[in-house]
Structure formats: structure tokens, C-alpha cells
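FYI, it's all coordinate maths here, none of it is from the lab. Keep in mind it's a predicted model, so treat the numbers as computed, not measured. Note: ideal-geometry Cβ built from the backbone for every residue, glycine included; neighbour counts use all protein chains shown.
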Amino acid sequence: MSEKIFPSSLVSAQWLAEHIERPDIVVLDASWFLPGVERDPAQEWSVKRIPGARFFDFDNKVAAPDTELPHMLPSADFFSQANSELGIKTNDSIVVYDSQGVFSAPRVWWMFRAMGHQSVAVLDGGLSAWENAGFSIETSSPYVVEKTEYKATFQPQWVIDADALSTKLDTLDTVVLDARPAARFYGTQPEPREGVRSGHMPSAKSLPFSQLVKDGHFISVEQLTQRFDAVSEPEQHLIFSCGSGVTACVLALAAELAGREKLTVYDGSWTEWGRVLKYPVIKQ
């Protein structure tokens, strides 16, 4: 697969501006909004984007079909076909951004890592950071990309399902970190999706993703390290959950930046766990 050209899994607007003309760099807009937010990310991309950026629709197009759960990770074959349609090559280096700073782009970073793609990074600060730095914005109609041949290789260590996770809740070498707001974690605020119970998994710990970002940027590596050291040991296996598998990936990227190595995302997250009665839920 691809080789890393990035200094880390997080790059600055300045770094991207200096390298964006490389033929092997592909920029992806992975903007996504919570249900109920009256914004259309694909429409916004079509009229305003980083030059050459392609829209990566992980909510509707690059997602597993035939499931009631939102934007689940598709199979390697499905992922390969979707990337081929986007004109992405197996050896390209990918920079992902979103329009909220650091919110949904880490989801796509995680998807590529779970599919064996090493050379992928998130733009710190997203579209706003690019604009605020004074770099050009493309507003013309997006160009049509030529289809390529992309080959994904699934990496199972990056993802876990509910049944497998349920066997790890009380193991000493594993910590489940929940990225939802604390009020939802403790069950004092109802879940936004109908039919989903309030609370959290037994033994899980609360680490709201909002504690890891400030003004659309990740906090410093030193601060990230402190946040993870407060809730886990350096050698523990970290499993990340959230509402529907998006902000869990903010935690996954932050953990990697902080030097953690055993990282897994629970893709179904609370949308699945909270509504399937066989999985235990507590509120204290």
C-alpha cells in the first residue's frame, strides 16, 4: 500500500499549501453534520472547497449497504470500488478535511487506515484554517474525475463489533472511551435517536471529543497525552465509541497523535449498543 509522506496524521494548512500540487496528493472534503442540522455538505462542497478537493460521502455513498445503522464501514471490495469512482489510486497520499475544523474528517482518516491505507492525514482546523491562512478557495463547478483502480486491504484490528466488545468490558488490558458529551454518557440527557437508551457501557470512561479540540484545532500533543494518561495506561488497548461512530474517530486520531498504538473503533457505537437490549447499560 501507500507510504507515508506526512509528518504525522495531522497536517497544517501551510503544509498542505506547500504540497498540494504534488500529483500523488488527493484532497477530500469529508464534511458531515448531525441529524437535524439543516446543512447539505455535498452542496456546500460544490460551491466552496479547497482547490481540487473531492467530496467523500461516508454517510450515503461510501457506507455499508443493507444495514439499519448509519454510515457503517463497508467491505474492502465496496470501499475499493467507491475510491476507484473518486479517482483515488492505491498509492495516493490523502488529506482529509471538514468544514467544522476537526469533526468528521477523522472518520475518513480511520476508514482509510482500517482499509490498509497508511498515507492519510487530517487537515488541522479544516476548511476554516485554510481560508484563514489566506489560501485560495475553489468556487467553480467541480471537475469530473477519471476512474482509477483502488485496492483496499481490510485491517481488522482497527474495528470491533458489539459482540466482540461485550467480551472485553471487564478486561484489564482494555479501556473503552466514550466520545459523547458527559450528560449523554451519564444518562442525564436523552439520546437524540429514537429508541436508544440513555447511559453508557459498564467499565467505559467518558472522554468527550470536545475536550481534545479547541477552536477547530486539536490541542497540543502534550495536552492530548495528559488527557489519555488520565483515563488509561500507555500500553492498554483503547476502544473508542460515540453516538454513531464519527467522533469516536476524533479520539482515535488524537490517541495516535499522543503516541498510543492499540486503537480500535466500535463502529456501531451507541446507536447500536443503546437500542439492542441484550447489551448492558448503566447510568452511574
Legend entry - Principal semi-axes in Å for segment 1-123 [√(5λ), Cα gyration tensor, largest first]: 22, 18, 12
Legend entry - Label-point gap, in nm, between K205 and H19 - each point 7 angstrom along Cα→Cβ: 3.2 nm
Legend entry - Value of relative contact order over segment 157-273, rounded to a whole percent, pairs C-alpha under 8 Å and six or more apart: 34 percent
Inset, instruction - Among the listed pairs K61/K214; K48/K151; K151/K205, give every one whose C-alpha distance is greater than 32 Å. - result: K151/K205
Legend entry - C-alpha center-to-center spacing [segment 103-172, segment 200-254] in angstrom: 17 Å
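In a shell of Cβ-Cβ distance under 15 Å around S31, excluding S31 itself, what net charge do Lys and Arg (+1) and Asp and Glu (-1) give? Working shown, then result.
Numbers: positive: R39, K48, R49, R54, K61, R107; negative: D29, E38, D40, E44, D57, D59, D98, E131, E138.
Combined, the nearby Lys, Arg, Asp and Glu give -3.
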Legend entry - Extreme residue, positive dipole direction of segment 10-154, given options H19, S136, S99 (C-beta unit charges): H19
Legend entry - Fully extended contour minus Cα-Cα distance, from A183 to Q157, at 0.36 nm per residue: 6.4 nm
Inset, instruction - State, to one decimal in nm, how far the label point of A230 lies from the label point of A133, with both points 7 Å from Cα in the Cβ direction. - result: 2.9 nm
Legend entry - Around H237: net Lys/Arg minus Asp/Glu count, Cβ-Cβ under 12 Å: -1
Inset, instruction - Determine, for each peptide in 149-160, 112-123, 49-60, the mean count of other beta carbons within 10 angstrom over its residues, then list the peptides with the highest first. - result: 112-123, 49-60, 149-160
Legend entry - Cα-centre dipole for the chain with unit charges at Cβ (Lys and Arg positive, Asp and Glu negative), debye to 20: 500 debye
Legend entry - Zone residues, segment 241-278, relative to E194, backbone N less than 16 Å from point 7 Å out along Cα-to-Cβ: 275
Legend entry - Debye log10 I(q)/I(0) at q = 0.10, 0.11, 0.13 Å⁻¹ for segment 144-244, Cα point scatterers: -0.39, -0.46, -0.62
Inset, instruction - Considering the options G52, T188, L165, tell which one lies farthest towards the positive end of the dipole of the chain, charges being +1 on Lys and Arg and -1 on Asp and Glu at the Cβ, about the Cα centre. - result: T188
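Give the calculated FRET efficiency between E149 and K61 to the nearest 0.05, with a Förster radius of 25 Å applied to their Cβ-Cβ distance. Each step should come with its number before you reach the end.
Details: r = 18 Å, r/R0 = 0.73.
FRET efficiency, E149 to K61: 0.85.
Compute the FRET efficiency between S46 and E68 as 1/(1 + (r/R0)^6), taking r as their Cβ-Cβ distance and R0 = 30 Å, and round to the nearest 0.05.
On the way: r = 29 Å, r/R0 = 0.97.
After rounding to 0.05, the efficiency reads 0.55.
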Legend entry - Neighbour net charge for Y97 - beta-carbon separation under 10 angstrom, K R +1, D E -1: -2
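Order these peptides, 206-217, 232-243, 134-145, by their mean beta-carbon neighbour count within 10 angstrom, highest first.
Working: 206-217: 18.2, 232-243: 20.0, 134-145: 11.1.
Highest mean packing first, the order is 232-243, 206-217, 134-145.
Take the alpha carbon atoms of the chain, find their radius of gyration, then divide it by 2.2 N^0.38 Å using N residues; give the quotient. If you can, show how the numbers build up before the last one.
On the way: Rg = 18.2 Å, N = 284, 2.2 N^0.38 = 18.8 Å.
After normalising by residue count via 2.2 N^0.38 Å, the value is 0.97.
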